[in-house]
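**Q** Just passing along the structure, written as structure tokens.
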Amino acid sequence: EHHHHRIQQHRQKRRHRFQYLTRTIYGGGWFHPLRFITQCFLSLHNHHNFLINQFNKRMISLRVPAPSSFNLQRFNSGALERRWKLGRDCFLSFTPNRIGLGVRAAKSEMAPFTAAEEETLPEGLQPELMPKHVAVIMDGNGRWAKNQGLQPWDGHRAGVEALREIVELCGKWGIQVLTVFAFSTDNWIRPKIEIDFLLSLFERTLKSELETLAKNNVRISIIGDSSKLPNSLLKVINEVEEVTKNNTRLQLIVAVGYSGKYDVLQACRGIAQRVKDGEIEVEEIDEILIEQELETNVTEFPYPDLLIRTSGELRVSNFLLWQLAYTELFFAQEMWPDFGRNGFVEALMSFQQRQRRFGGRKS
Amino acid sequence: MGGEVRQLLEQIHRFSRRCLFRVLSMGPLPTHLAFIMDGNRRYAKKRGLEDGSGHKAGFSTLMSMLQYCYELGIKYVTIYAFSIDNFRRKPEEVQSLMDLMLEKIKSLLDEESIVHEYGIRVYFIGNLGLLNDQVRAAAEEVMKATAKNSRVVLLVCVAYNSTDEIVQAVKRSCVDKADRDVERIQLVDIEENMQMSVAPEPDILIRSSGETRLSNFLLWQTGNSQLFSLDALWPEIGLRHLVWAILNFQRSHSYLEKRKKQL
């Protein structure tokens, strides 16, 4: 009988091991040989592509013009470099610096903005092809923190550092508008402790950065549904917007409590009110009118040229619906705290290679 | 002799495809697939063919893709046939495209067409008033003729722009709610006035020819769909690309479902 029990245990262990295998390969469930094989091929092919792209990346110098069928995968697949840097940061994050100062992102320092000089663009980027408006979805803070073995709020703090670096780069390289997706209407379902932390982090960052932003001629605008935000945060937002409203170098738009559908809905309500008041006729409603009613009317370039999403997710998640009609999308594999300058340069280079035709024909 | 061999090969292909689809259907399958059929002209130029033949090759690729989708059991398929921005091209090109569309729409009504084979219900989405009368009449005829079919659905977007669709929906909801309180306009009011409300949101959006942008297609509906950008031009797209997209969809599906349950 003892023997029988041992056999049972052995069988259970084997089944358990299989489930671990199936979970890693295709998300769990019973073991189907054919499905297992196809998913293995998929992973192998992904890895094979990744290796080929690594080889290509190293062989082709950045000065050579791109081949006619430009392979986006070259820029989208994760880099070996970033992997060992991630390992290095895992090690570094356990250094004594971490205690008391919070966690740093991979590439940025804790220092505030450096002096506002015009920096020359890195090699390979052409100044006349730089996008005017860049939008960023800062995804992956939670996953980054989990990979490092930290708490989610450390991930958000590291995310703020990374954002600081990107804002600095945009100011230096002549990008005129930067929109960041900080908090979506869908994020309200997260645990209350995380939401409270995020909003208080946002408030603290705004207060501490106000001086540096004003000094660097950066204008901040906040868009989104502000009805659910706490009053203290609203006060800080109003103050920051007032103080920076005349700055011209870079406009930083932060989307808090924002979703693309909500934006179109509130534009629709505004238009309906104007129709009711007799200001416009129903037949006069067209795209330009809606564009003027959207919340992105705070800037003169409401349509992003480039949208960057980190953490490898291939979707837009309801951010900037109307404005993304002709935006070039770039999906980066690394998490947001690791994105930094290298990732940004890659995204910009990929953008500059693309041919934008807006539905017409490239003659 | 040659014909028999070909038939035999076709039978083998069909059988192996059925096996492959059986394996794929072990995992979660998308209900709604959307395609942006980009790259026909580049294909014609690459092969050195004359200008119009790229689109003809694209049409035959479309037919085979539809066949694979419906065999796999995907209920809704949306394709981006012609955009309002494409009217800005040269008039001869636009005219030849319109002629091709007229010919193909009329062929959908034939007995042996794919519509009757799979019981497809066809919708034509877009600002049909911008098309010329013949094409519009043919489109409406097809919509009426297939209205009784209910197995699978094909949505063809002609003279379509997502911003235009949203403008029409806003206009209609303003008119509907003119007498009531403006604050009561909700998301569902706009959504039910959209032309694409006959289908659920797409699970996957596939764009051929390597461009990674939406080009004013289904902006409202693709908020949560996976975007795949394939490097091949549209006439070069085949079964392997579809299988690839679905496998990738299945990989991230469990994570997505977890997130959706949280919502």
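**Q** Quick check, is residue A:350 within 10 Å of chain B (Cβ to nearest Cβ) and either surrounded by fewer than 19 Cβ atoms within 10 Å (Cβ to Cβ) or within 26 Å of residue B:248 (Cβ to Cβ) (or both)?
**A** For residue A:350, the condition - within 10 Å of chain B (Cβ to nearest Cβ) and either surrounded by fewer than 19 Cβ atoms within 10 Å (Cβ to Cβ) or within 26 Å of residue B:248 (Cβ to Cβ) (or both) - is met.
**Q** If you don't mind, another one. Of everything in the range B:196-237 that's assigned to a loop (DSSP other than H, G, I, E, B), among the acidic types (Asp, Glu) and more than 9 Å from every other protein chain (Cβ to nearest Cβ), which residue is farthest from residue A:321 (Cα to Cα)?
**A** Step by step, filter the range B:196-237, then rank; the result is B:203.
**Q** Now for a different question. Taking the range B:129-167 on its own, how many of its residues are within 14 Å of another protein chain (Cβ to nearest Cβ), surrounded by 14 or more Cβ atoms within 10 Å (Cβ to Cβ) and over 19 Å from residue B:223 (Cβ atoms)?
**A** Going through the range B:129-167 one residue at a time, the tally reaches 3.
**Q** Say we look at the range B:83-103 and pick out the residues that are among the hydrophobic types (A, V, I, L, M, F, W, C) and farther than 16 Å from residue B:61 by Cα; which of these is farthest from the other protein chains (Cβ to nearest Cβ)?
**A** The residue in question is B:102.
**Q** Can you name every residue in the range B:176-195 that is in a loop (DSSP other than H, G, I, E, B), under 25 Å from the mean Cα position of the chain (by Cα) and more than 24 Å from residue B:74 (Cβ to Cβ)?
**A** B:193
**Q** Right, residue B:204: in contact with a Cys (Cβ under 8 Å, 6 or more places away or on another chain) and not acidic (Asp, Glu) or not?
**A** In short, no.
Residues checked against (1) basic (Lys, Arg); (2) within 11 Å of chain B (Cβ to nearest Cβ); (3) over 20 Å from residue A:167 (Cβ atoms); (4) crowded, with 23+ Cβ neighbours inside 10 Å:
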position: A:272; (1), (2), (3), (4): no, yes, yes, yes
position: A:283; (1), (2), (3), (4): no, yes, yes, no
position: A:287; (1), (2), (3), (4): no, yes, yes, no
position: A:314; (1), (2), (3), (4): no, yes, yes, no
position: A:318; (1), (2), (3), (4): no, yes, yes, no
position: A:332; (1), (2), (3), (4): no, no, no, yes
position: A:335; (1), (2), (3), (4): no, no, no, yes
position: A:356; (1), (2), (3), (4): yes, yes, yes, no
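**Q** I've got another one for you. What about residue B:85, is it assigned to a helix (DSSP H, G or I), in contact (Cβ under 8 Å) with a residue 60 or more places away in the chain and among the charged types (D, E, K, R)?
**A** yes
**Q** Right, here's the next one. Would you say residue B:50 is out of contact with any strand residue (DSSP E or B) (no Cβ under 7 Å at 6 or more places or on another chain) and either exposed (fewer than 10 other Cβ atoms within 10 Å of the Cβ) or within 13 Å of another protein chain (Cβ to nearest Cβ) (or both)?
**A** The answer is yes for residue B:50.
**Q** Considering only residues that are surrounded by fewer than 20 Cβ atoms within 10 Å (Cβ to Cβ) and in contact with a Ser or Thr (Cβ under 9 Å, 6 or more places away or on another chain), which ones fall in the range A:337-347?
**A** Passing the criteria: only A:341.
**Q** Considering A:171, A:159, A:260, A:224, which residue is on the phi > 0 side of the Ramachandran plot and within 23 Å of the chain's Cα centre (by Cα)?
**A** The unique qualifying residue is A:224.
**Q** What pairs come up if the first residue lies in the range B:240-254 and is facing chain A (nearest Cβ under 8 Å), the second is in a helix (DSSP H, G or I) and at pLDDT below 90, and their beta carbons are under 6 Å apart, counting only those six or more places apart or on different chains?
**A** Pairs that qualify, where the first residue is facing chain A (nearest Cβ under 8 Å) and the partner is in a helix (DSSP H, G or I) and at pLDDT below 90, are B:247/A:42.
**Q** If we scan the range B:69-82, do we find a residue that is surrounded by fewer than 16 Cβ atoms within 10 Å (Cβ to Cβ) and without any contact (Cβ under 8 Å) to a residue 24 or more places away in the chain?
**A** No, the conditions are met nowhere in the range B:69-82.
**Q** Does the range B:24-46 hold any residues that are surrounded by 18 or more Cβ atoms within 10 Å (Cβ to Cβ) and in a helix (DSSP H, G or I), and which are they?
**A** B:24, B:40, B:41, B:42, B:43, B:44
The values are calculated or read from the model by the stated rules, or taken from the named source; none is laboratory data. Owing to the predicted nature of the structure, the values given are computational and were not obtained by experimental measurement. Heads up, the Cβs are rebuilt from the backbone with ideal geometry, glycines too, and the neighbour counts pull from every protein chain shown.
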